[in-house]
1. Testing residue 47 on (1) more than 24 Å from residue 98 (Cα to Cα); (2) surrounded by fewer than 16 Cβ atoms within 10 Å (Cβ to Cβ); (3) modelled with pLDDT under 95, one condition comes back false. Which one is that?
2. Criterion first (loosely packed, with under 14 Cβ neighbours inside 10 Å, part of a helix (DSSP H, G or I), out of contact with any strand residue (DSSP E or B) (no Cβ under 9 Å at 6 or more places or on another chain) and at pLDDT below 90) does residue 55 satisfy it?
3. Restricting attention to the range 35-43, does a residue exist that is within 14 Å of the chain's Cα centre (by Cα), touching a residue at least 12 places away in the same chain (Cβ under 8 Å), more than 22 Å from residue 11 (Cα to Cα) and surrounded by 15 or more Cβ atoms within 10 Å (Cβ to Cβ)?
4. So if I check each of 58, 85, 80, which one is within 20 Å of residue 29 (Cβ to Cβ) and over 17 Å from the mean Cα position of the chain (by Cα)?
5. Out of 60, 93, report the one residue that is within 30 Å of residue 7 (Cβ to Cβ) and surrounded by fewer than 16 Cβ atoms within 10 Å (Cβ to Cβ).
6. Among (1) in contact with a helix residue (DSSP H, G or I) (Cβ under 9 Å, 6 or more places away or on another chain); (2) assigned to a helix (DSSP H, G or I); (3) at pLDDT 85 or above, which single condition is residue 79 missing?
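The values are calculated or read from the model by the stated rules, or taken from the named source; none is laboratory data. All values derive from a computational prediction rather than experimental measurement. Counting neighbours? That spans all protein chains shown, and the Cβs are built from the backbone with ideal geometry, glycine included.
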């Protein structure tokens, strides 16, 4: 495949994922949808960074940093999911408005 076409496809996929994530963040009414939208934005940034590293020809340290970023993103998902479970146990709802009522 032509490298210019491949670059355009990867960047288009990254922009589409980031745009869908940003739309989801702005319009989501539930916390789960908000979490998924934020993760789409993170993954589009990681996709762009990995492809830029491939095109430029960086060393393996760059990819180690990307793998560490992916691992930290997975840890963030686990922590936020645990918080979502706690919010659901307290309010029996995952609406964004439920967080406004929690005080303490």
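1. All conditions are met except number (2).
2. yes
3. Applying the first criterion (within 14 Å of the chain's Cα centre (by Cα)) to the range 35-43 yields 35-43.
Narrowing further to those that are touching a residue at least 12 places away in the same chain (Cβ under 8 Å): 35-43.
Retained after the next criterion (residues that are more than 22 Å from residue 11 (Cα to Cα)): 35.
This time we only want the ones that are surrounded by 15 or more Cβ atoms within 10 Å (Cβ to Cβ), so: 35.
Yes, there is a match, as at least one residue in the range 35-43 is within 14 Å of the chain's Cα centre (by Cα), touching a residue at least 12 places away in the same chain (Cβ under 8 Å), more than 22 Å from residue 11 (Cα to Cα) and surrounded by 15 or more Cβ atoms within 10 Å (Cβ to Cβ).
4. Only one candidate passes the filter, namely 85.
5. Going through 60, 93 in turn, just one is within 30 Å of residue 7 (Cβ to Cβ) and surrounded by fewer than 16 Cβ atoms within 10 Å (Cβ to Cβ): 60.
6. Condition not satisfied by residue 79: (1).
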